[in-house]
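To start, the structure under review is shown below, and the notes come after it.
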Amino acid sequence: MDHHHPHRHFHHHPVLAGSIARRDKERSVSPHENQAPGSERARVLVTSRDFIRTRQMIRRLRRALPHSDIHGAGFMGVFEVEAEGASAQETAERISRSGIEIGHLTAVLAEVPTKLDRIQEAAVRVAREQVGEEETFCFRIHKRGSHGLELESPRIEREIGSAIWEALEERFSKEPRVRLTEPDVAVVAEVLGETTLVGVSRRTWHAADHDHNSMRTESAPGGECI
């Protein structure tokens, strides 16, 4: 169900004002903040749906993206794909249409230290750039490792989701559309210990992955689907 107002637990946050005030002074964060100019590469974070089949997933990713660099992100079942010649969103969509069975994928658009205010600033900036006026959205955070974030994930999602809602309301001069299940755009924070990658995951990518794998399953019942 779409919601045209923030979740009832959302609150106003002072970090938002500073985030919006600084957004025009900061360069584009695609693919992430700490890269030197001219060295930009698309980055996509991919997780394995089944640890037993992780090696097979990696082999198939390398066949689908032969000129990319695929490496572990420091946590079991979590990998980064770095590619040239396409945006992070284009690379993510290509992966989704390849038929490779994965857990989830996030097109990485910012990299920040794992501090709540920095994550919120990046998430608001990414949302303003990536969420369309008529698109539904939500915010999700996935924590891994020793990160120092004391708040529980649901509370962080409510707080940062509220800040995104306010930023989109300001941008479009209308109430944004929140959808907690299968939104058009999920703004995602991937916490990897002391570093957090912020990006987006689009519903169409998951739909393409589901449709492709459903066809594989139907055409080869009882066989392996990846």
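Listed values, structure above:
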| read-out | value |
| --- | --- |
| Options Pro154, Trp165, Val131, ranked by Cα towards positive dipole end of region 68-182, top entry (Cβ charges) | Pro154 |
| Exposure proxy ranking, count of Cβ atoms within 10 Å, fewest first, for Trp165, Trp205 | Trp205, Trp165 |
| Relative exposure of Met76, Met57, judged by other C-beta atoms within 10 Å (fewest first) | Met76, Met57 |
| Pairwise centroid distance, computed over Cα atoms, of region 128-194 with region 96-119, Å | 13 Å |
| Neighbour-count order for Thr47, Thr195, Thr204, Thr181, fewest beta carbons within 10 angstrom listed first | Thr181, Thr204, Thr195, Thr47 |
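Where a number appears in this text, it was derived from the coordinates with a stated rule and is not lab data. From a predicted model like this one, the values you see are computed outputs, not experimental measurements. Every residue, glycine as well, gets a Cβ built from its backbone with ideal geometry; the counts of neighbours run over all protein chains shown.
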